[in-house]
Amino acid sequence: MPTTISDFMLHARELAVRGHGFVEPNPMVGCVLVNNQNKIVGTGYHEKCGEAHAEINALNAAGSLAKGATAYVTLEPCNHQGKTGPCSQALIDAGISKVVIGCADLNLEASGGGAYLANNGVEVIFLDDELCKTILAPFLHRIRTGFPWVICKWAQTADGYIETPEGEDPWISCEASQQLVHEERGRVDAIIVGIGTVVADNPSLTVRHSTAHRTPLRVIVDPTLRLPHNSIVLDGEVPTLIAHGKDANLNELKDRAVSFLELPNIDGALDLRPLMSHLVNEYDATNVIVEGGRTMFEHVFDQHLANELWVFTSQRTIGDQKLANMKSLFDSLDCTLEYKHKSEDDSVCHFFVDCKNNSSTSPVSAE
């Protein structure tokens, strides 16, 4: 049974992540209410964008038992009227005596809840909790930079290859790993690939074999619009955006069910930063996945846009081949292992990438 500040905040974090794929562009938030006997009297998390926040759900669960309790909440309670009312006032009205906050809110429209609580007689403690900030990283990144959180995902052999020799099984990762990818696809806002991947693999870039909590936008980065007309991504089944260069001829695809975005060139490649801003401003994106190929990854890394890596490594080896290999690209990054686990025979590593140089022209807000 939880008995300490860290225990209760851990429980709040566990609740918060249940909202992944449902609450964005809002943050994932969890709240635990504890009485003066260190007994949990109510819990809640933000379950869906536009609906009650974590604090309100916890207060509703606790009822009259909330009076005099301490609230442990992963993010500073909001202090504004958006789609829902201010949580800071709701905590005061319920008689909460103390609020322990895992992370301050950077959203200028919603922040200030901690100060408002303190000015109204509630004891407030800010923990600046690293694990809370990890959970909130996509939200905080979007607020700070105007860009979505960019996850680069690839499957590689034990010797770093992300493609296989012609005639061999093209699947590098196991079925369980592929299932994990589809589960995450069903929680993000966009799937981004380069034109080389579409030409080589003709992927559908959709959520399969898993519940889709949202329908991710398909994004094809195609500088000269060489997208084959029989590509599955032109089937009109889900929204699709093609990012292209200045001189691309749109005439042959203008009648297809796709949208277009012209990007400027930078250092011989398309500048992907306007694409990232466009995904936030026009599609309200918070999380996006880049799924290859190697050239696409190289441009994302060179432009300091990657925030997180998901690397699925199989036990298979290929040897010395003139095929796409990620070893040198990965070695060029400044990244930190977040956690590692097994997926059947695959090793799955999640890394955070140091991308201090990325920024948009202006920050954005969320409800």
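The values are calculated or read from the model by the stated rules, or taken from the named source; none is laboratory data. Computed from a prediction, not measured in an experiment: that's the story for all the values here. Cβ atoms come from the backbone with ideal geometry, glycine included; neighbour counts cover every protein chain shown. Each accessible area value is taken on the protein alone, full model and side chains, heavy atoms only, with ligands, DNA and RNA left out. Shrake-Rupley method; radii C 1.70, N 1.55, O 1.52, S 1.80 Å.
Scan region 224-243 residue by residue and report those that are of a type outside the set (S, T, N, Q) and either open to solvent by less than 60 Å² (accessible area, probe 1.4 Å) or touching an Asp or Glu at 6+ places or on another chain (Cβ under 8 Å) (or both).
Scanning region 224-243 gives L225, L227, P228, H229, V233, L234, G236, V238, L241, I242, A243.
I need the full set of residues from region 316-355 which are free of Cβ contacts under 8 Å to residues at least 24 places away in the same chain and either surrounded by 13 or more Cβ atoms within 10 Å (Cβ to Cβ) or outside any strand (DSSP E or B) (or both), in order please.
Those that are free of Cβ contacts under 8 Å to residues at least 24 places away in the same chain and either surrounded by 13 or more Cβ atoms within 10 Å (Cβ to Cβ) or outside any strand (DSSP E or B) (or both): D320, K322, S328, D331, D334, D354.
What are the pairs with Cβ atoms under 9 angstrom where one residue, in region 287-304, is open to solvent by 60 Å² or more (accessible area, probe 1.4 Å) and the other, located anywhere, is of a type in the set (G, A, S) and part of a strand (DSSP E or B)? Sequence gap at least six, or different chains.
R294/G194; T295/G194; T295/A269; E298/A269; D302/A269
Quick check on N251: is it open to solvent by 40 Å² or more (accessible area, probe 1.4 Å) and on the phi < 0 side of the Ramachandran plot?
yes
Restricting attention to region 130-151, which residues are small (G, A, S) and out of contact with any Pro (no Cβ under 8 Å at 6 or more places or on another chain)?
A137
Which of (1) more than 12 Å from P27 (Cα to Cα); (2) assigned to a helix (DSSP H, G or I); (3) in contact (Cβ under 8 Å) with a residue 60 or more places away in the chain is the odd one out, the single condition A90 does not satisfy?
(3)
Does at least one position in region 104-127 carry a residue that is among the small types (G, A, S), crowded, with 23+ Cβ neighbours inside 10 Å, touching a residue at least 12 places away in the same chain (Cβ under 8 Å) and not in a helix (DSSP H, G or I)?
The answer is yes, given that some residue of region 104-127 is among the small types (G, A, S), crowded, with 23+ Cβ neighbours inside 10 Å, touching a residue at least 12 places away in the same chain (Cβ under 8 Å) and not in a helix (DSSP H, G or I).
Give the residue, chosen from T164, T157, that is over 21 Å from the mean Cα position of the chain (by Cα), at pLDDT below 95 and not small (G, A, S).
Among T164, T157, only T164 is over 21 Å from the mean Cα position of the chain (by Cα), at pLDDT below 95 and not small (G, A, S).
How many of the residues in region 248-283 are part of a strand (DSSP E or B) and of a type in the set (S, T, N, Q)?
2
Residue check, A71 against (1) more than 22 Å from the chain's Cα centre (by Cα); (2) modelled with pLDDT under 95; (3) within 17 Å of C103 (Cβ to Cβ); (4) open to solvent by less than 40 Å² (accessible area, probe 1.4 Å), all met but one. Which one?
For A71, the exception is condition (2).
Hey, can you tell me all the residues within region 185-210 that are part of a helix (DSSP H, G or I) and crowded, with 19+ Cβ neighbours inside 10 Å?
R185, I195, T197, V198
Checking the structure you have, find out if any residue of region 307-315 is in a loop (DSSP other than H, G, I, E, B), over 28 Å from D284 (Cα atoms) and either modelled with pLDDT of 95 or more or open to solvent by 90 Å² or more (accessible area, probe 1.4 Å) (or both).
Yes.
Tell me which residues, restricted to region 15-27, are open to solvent by 10 Å² or more (accessible area, probe 1.4 Å), more than 11 Å from H53 (Cβ to Cβ) and not in a helix (DSSP H, G or I).
Hits for region 15-27 are H20, F22, E24, P25.
Just for region 31-49: of the residues that are open to solvent by less than 30 Å² (accessible area, probe 1.4 Å) and not aliphatic (A, V, I, L, M), which one is farthest from L15 (Cα to Cα)?
Among residues in region 31-49 that are open to solvent by less than 30 Å² (accessible area, probe 1.4 Å) and not aliphatic (A, V, I, L, M), the one farthest from L15 (Cα to Cα) is G42.
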